[in-house]
1. According to a simple spin-label model (label point 7 Å from Cα along Cα-to-Cβ), what is the distance in nm between residue 32 and residue 145?
2. Could you give the dipole magnitude of the range 49-133 about its Cα centre, charging the beta-carbon of Lys and Arg +1 and that of Asp and Glu -1, in debye to the nearest 20?
3. Going from most exposed to least, what order do 141, 43 have by accessible area with a 1.4 Å probe?
4. Mark the label point 7 Å from the Cα of residue 176 along Cα→Cβ and return the residues of the range 222-257 whose backbone N is within less than 15 Å of it.
5. Give me the percent of the accessible area of the range 51-174 that comes from carbon and sulfur atoms, probe 1.4 Å, all protein chains in place.
6. Give the accessible surface of the range 76-115 per residue, rounded to a whole number of Å², with probe radius 1.4 Å and ligands, DNA and RNA excluded.
7. For the pair residue 136/residue 249, report the inter-label distance in nm, with labels modelled 7 Å from Cα in the Cβ direction.
8. Between residue 86 and residues 5 or more places away or on another chain, which pairs have amide H atoms under 5 Å apart, with H built 1.01 Å from N, and which residues are they?
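The values are calculated or read from the model by the stated rules, or taken from the named source; none is laboratory data. In this text, all values refer to a predicted model and were calculated from it rather than measured experimentally. A quick note on method: Cβ atoms are made from the backbone with ideal geometry, for glycine too, and the neighbour counts reach across all protein chains shown. These accessible areas exclude ligands, DNA and RNA; they are computed on the full protein's heavy atoms, side chains included. Shrake-Rupley method; radii C 1.70, N 1.55, O 1.52, S 1.80 Å.
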Amino acid sequence: MNARFGAHRFRLLVALLPAAIAATPLHAQTNMFSGTVALSSQLVDRGLAITPVTPVLQAAGSWATTDDWVFGLSAGTQARSPRHGSDTLLQVDHYWLLSDDWRMQAGLAYYAYPGNASARAFDRAEASMNWLYRDVLTFGLSAISLTRGYDHQPRGAADANFRWPLPAHFSLNAGLGVAQPLPAGSYYGGSSDGAWTYFPGYGTYRGQRPSSYYGYGQLGLAWDYGAWRVELDRIATDPSQRWMAAAPWVATIAWSF
């Protein structure tokens, strides 16, 4: 994930909107709208599977003002089962130019998964602070509050992402992160409508309670040409979360405008 595609938060697909925001130049002369449409093999959030391995279609749009505010919305759905909504994201960010090479971003976001019973535990509000070095390195801290259930204790996450350009429009992308997992309970333990039944190996680890923190990572190769981007990522998730872990490989094709 480069600065255009999920730079300031380690996340696949759900990073479409942050991607568009990260690509927005500071001190634009006029208000600017940008957007992205993408198709991916799975929706992944900090190393955890939000959907089964199935095509997921997403669209995102952002509006940048002349005083460095950015407002955005993204939504997605499983292409083979449109009635199962995959994700919705509302976000507002503000950027500061720190130097010729560095900028800082503070943001508020609300994530919801309407129609996706298997991802209800991921509904949350999130505040973040990120530092971006050119189009190469990003480090971010996030404070998370769940909006469902009874456990609204704040949780934290830290993410670092790196991008290195290669010849012929290719780039190498890597990311590492650590986060406090969502709570065990009715969602993790399985609901009456079988919320997690499509996750491989779920039955083996039913009732397992997550550890205090878990790690995740990603290594990928991307190809950019004009408005198009194709990316293949190798995903790794802490063994303590293996019952919720994403597929080892996630592929994405995206078009930006």
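1. Between residue 145 and residue 32, the label points sit 3.3 nm apart.
2. For this selection, approximately 580 debye.
3. 141, 43
4. It comes to 236-238, nothing else.
5. Ligands and nucleic acids excluded, carbon and sulfur give 67 percent.
6. So the range 76-115 comes to 51 Å² accessible per residue, rounded to a whole number.
7. Spacing of the two 7 Å Cα→Cβ label points: 3.1 nm.
8. Close amide H contacts, sequence-distant or interchain: 76, 77, 78.
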